[in-house]
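The next block holds one structure in the form of structure tokens; read it before the comments.
The values are calculated or read from the model by the stated rules, or taken from the named source; none is laboratory data. Keep in mind it's a predicted model, so treat the numbers as computed, not measured. Counting neighbours? That spans all protein chains shown, and the Cβs are built from the backbone with ideal geometry, glycine included.
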Amino acid sequence: MDTTLTLTTDMQWVLGLVCFTMVMFLFERIRADVVSLVVLVLLGLTGLVAPEDLFGGFSSDAVMNVIATMILGAGLDRTGALNRLASWLLRRAHGMEQRLLLLAQAVAGLNSAIIQNTSATALYLPVVSRLTARTGISLSRLLMPVSAAIIMGGSLTMVGNSPLILLNDLLVSANANMPSGAASLQPLKMFAPLPIGLILLAASLLYFHFFGRRLLPQDSPDAVTPARTQSYFARAYGIDGDIFELTVTADSPLVGMSVGDAESQVDAPLLLALLTGNESRLAPPGDTRIWVGSVLGVMGQRDAISDFAQKNFLRMSSRLRALADLFNPSRAGISEAVVPPNSTFIGQPSSKLRLRKQHGLSLLAINRDKQVLRDDVRNLPIRAGDMLVLHSIWSDLADAAKSNDFVVVTDYPKDEQRPHKFKIAMAIFAISMLLALSSRIPTSIALMTGVAGMLVAGVLKMDEAYAAINWKTVFLMACLIPLGWAMDSSGAAAWVAGHSIDRLPQGMPPWLIELALALFTTAFSMVISHVGATIVMVPLAINLALAVGGNPTAFALIVALSASNNFITASNPSISMITGPAGYTARDMWRSGGPLTLIYTTIIVVMINLLY
């Protein structure tokens, strides 16, 4: 490689734009997506990128992959797949914090291999919140380990995070400027980084398993736990316990009895759902009859439910089977609602209002003048100012709230949930992943096949798919991709690489240069984001490899992996999403994330030298 390149005007323009981008991203005076648009326009005005190529970033495979993974993740979330996962984690953890932490990390890390890091973090926030609600473990004890596992698990495949998604496009574009005689760079296959990702994920699990208790904050007074409803309602109203299914046998005295009569029995649990024949419903009306084979969905403490089941000859099951969809937290749950002075409910008991039959609402308790009323609550006349505690399907609650007879004060999912589409969504997702594994079909087409399948099958509506896309991320990536092209085509990357080599000691081993490149990329990503660092550093890494006789693909892969090596600052989108809910301080992030950053760097340099 020629290290005597002259610094041309075009190189000066490109390096100036890189410095401008770094300064703007560092001080955040202007939004990052606006800065990227300004850079794109300047690339066009200066002629550094041809007009016909200037907007090619918007149609690149990398951008299409990002869009597709965001939509696929939203489809899985809409079916309640991750809420089912939270329930599975709770059953397997058996109440042990270390086991729960290990399982949550492992599953989140593996899922992030096929769901982009940002989307995976957004999807796992409510999952972790539900886990903290059920166990009482602080969010600050769970979110950082899970987020770190997601970041490291994103290295398992070429679609797990934005830098790896970008890498193949940058490798292909670099071929146009390779020196004569040099071998062309080939795109990496879907699971090319799998061995590295497995070691990284295992390191994350071991790190937090052995050192997490000392490094993570015990609790934070500023931490906010979204959707921590179960612990709240247990503390405020004494509404506690789990959901159980009770199957009515032929010997049960409940056969032929109405739901209202069954609830009025001594020590009867909260009866929230009923399945008779093929018809199931939440909040069954009080005059609904119970027959042999009916399945009751009840809530309470296990011992109390077991005693009730034995007394009434009911078969008890702690695992939801027949009523699983009804009790999916993304579809139904407990809420609070205040009765205003102009409500038509005032003066009437819920039995006369027929809340269950008319609105699908179960009244569990009333908070009146700081006194919690739970006994015979169906026959208590409602007063203005009462706080009603309700259990219902979220869509039924939203419909009932339109009457203005009560005002819901609990945050609940407003969007339509489709748990009945779970199997279809999982099948479509599996097919798209199998297609992505095929070398005959580009990954972007395989993932978009899954998107089309979910839209056609009704898992998502088109407007919901648009809403699932983080357009800021897409715009940022699409506008900065041409900057990477300009770095390569103008010779700026080769010039920087050549002059860097001239200043290094003679005979410096390639692995030491790789280590320096990894650390420099990590520091760079903390300033201009992982996308910006990848776009700027990959052309430089390829030219650096050519200068020292190294493997250009290996050097580029080090950059793409190192660009996500940020467990400390909010410039990593996954980290920025957890700092607020968990109440992490800058000291907390450096204390737990600093050592992990060094471990990450060491692993990728060692593994890439072993593999390449």
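In table form, for the structure just shown:
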item	result
Matching residues in segment 153-192 - criterion: being assigned to a helix (DSSP H, G or I), closer than 13 Å to residue 61 by Cα and among the aliphatic types (A, V, I, L, M)	164, 165, 166, 167, 170, 171, 172
Condition check for residue 190: surrounded by fewer than 24 Cβ atoms within 10 Å (Cβ to Cβ) and closer than 23 Å to residue 480 by Cα	no
Hits in segment 562-573 (condition: in contact with a Gly (Cβ under 9 Å, 6 or more places away or on another chain) and either under 13 Å from residue 193 (Cβ atoms) or at pLDDT 80 or above (or both))	563, 564, 566, 567, 568
So residue 529, is it more than 35 Å from the chain's Cα centre (by Cα) and either of a type outside the set (Val, Ile, Thr) or not in a helix (DSSP H, G or I) (or both)	no
Any hit, segment 279-292, residues being buried (at least 17 other Cβ atoms within 10 Å of the Cβ), modelled with pLDDT of 85 or more and in contact with a Ser or Thr (Cβ under 6 Å, 6 or more places away or on another chain)	no
Residue 195 being surrounded by fewer than 18 Cβ atoms within 10 Å (Cβ to Cβ), modelled with pLDDT of 85 or more and not acidic (Asp, Glu)	yes
Residue in segment 152-169 that is over 23 Å from the mean Cα position of the chain (by Cα), at pLDDT below 85 and surrounded by 16 or more Cβ atoms within 10 Å (Cβ to Cβ) present	yes
Pairs with Cβ under 7 Å, 6+ apart, first in segment 431-444 and modelled with pLDDT of 80 or more, second assigned to a loop (DSSP other than H, G, I, E, B) and not basic (Lys, Arg)	433/114; 435/441
So residue 569, is it assigned to a loop (DSSP other than H, G, I, E, B) and within 22 Å of residue 153 (Cβ to Cβ)	yes
Residue that is modelled with the highest pLDDT, among those in segment 574-591 that are surrounded by fewer than 24 Cβ atoms within 10 Å (Cβ to Cβ) and of a type in the set (S, T, N, Q)	585
Complete set of residues in segment 539-566 that are part of a loop (DSSP other than H, G, I, E, B) and among the aliphatic types (A, V, I, L, M)	563
Leading residue by the ranking (surrounded by the most Cβ atoms within 10 Å (Cβ to Cβ)) among those in segment 293-305 that are out of contact with any Asp or Glu (no Cβ under 9 Å at 6 or more places or on another chain) and in a loop (DSSP other than H, G, I, E, B)	294
Selected residue (criterion: surrounded by the fewest Cβ atoms within 10 Å (Cβ to Cβ)) from residues of segment 335-374 that are assigned to a loop (DSSP other than H, G, I, E, B) and polar (S, T, N, Q)	342
